[in-house]
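Notes for the one structure printed next.
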Amino acid sequence: MSVRRLAEDQFQPAAFAFNDENAAWADKTIQKYPAGRQQSAVIPLLMRAQEQDGWVTRAAIEKVADMLDMAYIRVLEVATFYTQFQLGPVGTRAHIQVCGTTPCMLRGSEGLMSVCKSKIHHHPFERNAEGTLSWEEVECLGACVNAPMVMIGKDTYEDLTPERLEEIIDTFQAGNGASITPGPQIDRHFSSPEGGPTSLTDEEPKKKTSAKKVVAEAATAKVDAAPVPPSEAARPKSTDAETNAALKTPATAPKAAAKNVKAVEEQAAAPAADAGKPSLTDKNRPAGIEKPATPDDLKLISGVGPKIEGTLHELGIFTFAQVAGWKKAEREWVDGYLNFKGRIDRDDWVKQAKALAKGGEAEYIKVFGKKPR
């Protein structure tokens, strides 16, 4: 765990006091706990102090400790343990918490951090020149399905691209952060699939029937439809298959039924081949080339692994320069072919490829501030 310390004395105010509204709220909150258990209110009171001043000061820690009859060191332990508490001054208009846990990292959170470095400050927890903005990398913020995302105050902003985060930062810097709707920043309702529901869209969904049941019902219907001799129709049916014509079936019936069941099951289980995948003859497919003697290592592009590199090679894509030259329509075609749903733009393959094509690893580090993967 990282070391967390209080801000230096030059930033610490001489005293702290809750305003009238927060003081009344604090007294009411303390009363929620049984006698002798009031110290359980330490986290809510620290959070309210942070919301009032923007961060948790030494004076606020001591004030909360006095209110709850706690030793200063005990409240300090709480404040330094939980990363939700800011121990130094943060941006007065926005402190941006960028999630860096695996789902967000795989979906482009490094690009979001690059935006924060360029528009706010190269180092986390450092404010911009006006003191209005600051940022930090944090662990999971709980919106993994809509990664990548950030939290500002109590609101989350999800499904972000670097360009969209730049717009959000500029809006907060201008003092208009309240005008931005929190949540997904794309055409998505909360955590539903991108583009809307993809299943159970009928008003009365059809009940699924197993392949075995379909075959069994068909066999039963065929047997029931078999003609019954007149001499058999007049007398009661026997439960003995040897004397009941309706129960007599050819010796090959079990094998045939089993074969039909297997065929239906295989057909039901087989996925639609390349369903929704764009045509290889589509005009927007990027132009391919013959494999050069030394193709570029496309795996250096964040988001491209061995399997995807192999698929790109099958399409005739072997060099960084090819990827760097993709237009929007070509990116959308590759996105659809790889079933990526916009990942190419989120990971900014084109910008990565341009840097690698221009100057290899050195240029990549210059542009992105880190080595390619």
Which whole-Hz couplings ³J(HN,Hα) result when phi for each residue of segment 46-53 is put into the Karplus expression 6.51 cos²θ - 1.76 cosθ + 1.60, θ = phi - 60°, listed in order with x for Gly and Pro? 5, 5, 5, 5, 5, 5, 6, 9
Stokes-Einstein at 4 °C, 1.567 mPa s, Kirkwood radius from Cα pairs: D for segment 298-368 in µm² s⁻¹? 107 µm²/s
Once amide H atoms are built 1.01 Å from N in the peptide plane, which residues 5 or more positions from W135, or in another chain, come under 5 Å H to H? I96, F125, E126
Whole-Hz ³J(HN,Hα) for each residue in segment 155-167, computed from phi via Karplus 6.51 cos²θ - 1.76 cosθ + 1.60 with θ = phi - 60°, x for glycine and proline: what do you get? 9, 10, 10, 10, 6, 8, 10, x, 5, 5, 5, 4, 5
Over 22 Å between C-alpha atoms is what I'm after, so list which of K307/K358; K154/K371; K283/K327; K328/K370; K119/K341; K341/K366 land there. K307/K358; K154/K371; K328/K370; K119/K341; K341/K366
At R0 = 51 Å, FRET efficiency that the Cβ-Cβ distance of F11 and D297 yields, to 0.05: 0.60
Given R₀ = 56 Å, what would the calculated FRET efficiency be for I43 paired with K283, taking r from the Cβ atoms and rounding to 0.05? 0.40
Once R0 is set to 45 Å, what does the formula 1/(1 + (r/R0)^6) return for the Cβ-Cβ distance between D187 and A59, expressed as a FRET efficiency to the nearest 0.05? 0.45
Taking placed amide H atoms and a strict 5 Å upper bound, the residues 5 or more places from Y82 or on another chain that come that close are none
At q = 0.28 Å⁻¹, what log₁₀ I(q)/I(0) does segment 9-81 have when each alpha carbon counts as one equal point scatterer in the Debye sum? -1.49
Using only the Cα atoms of segment 100-188, each taken as one equal point scatterer with no solvent, compute I(q) by the Debye sum, divide by I(0), and report log10 of the ratio at q = 0.11, 0.14, 0.15, 0.25 Å⁻¹. -0.27, -0.44, -0.51, -1.46
Give me the percent of DSSP beta bridges within segment 94-184 that run antiparallel, rounded to the nearest 5. 45 percent
Would you give the gap between the C-alpha center of segment 315-365 and the C-alpha center of segment 134-161, rounded to a whole Å? 25 Å
By per-residue mean of other Cβ atoms within 10 Å, what is the highest-first order of 144-151, 28-35, 359-366? 144-151, 359-366, 28-35
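We did not get these values from a lab; they are worked out from the coordinates using the rules stated. Model, not experiment: these values are computed from the prediction. Virtual Cβ from ideal backbone geometry, glycine too; neighbours counted across all protein chains shown.
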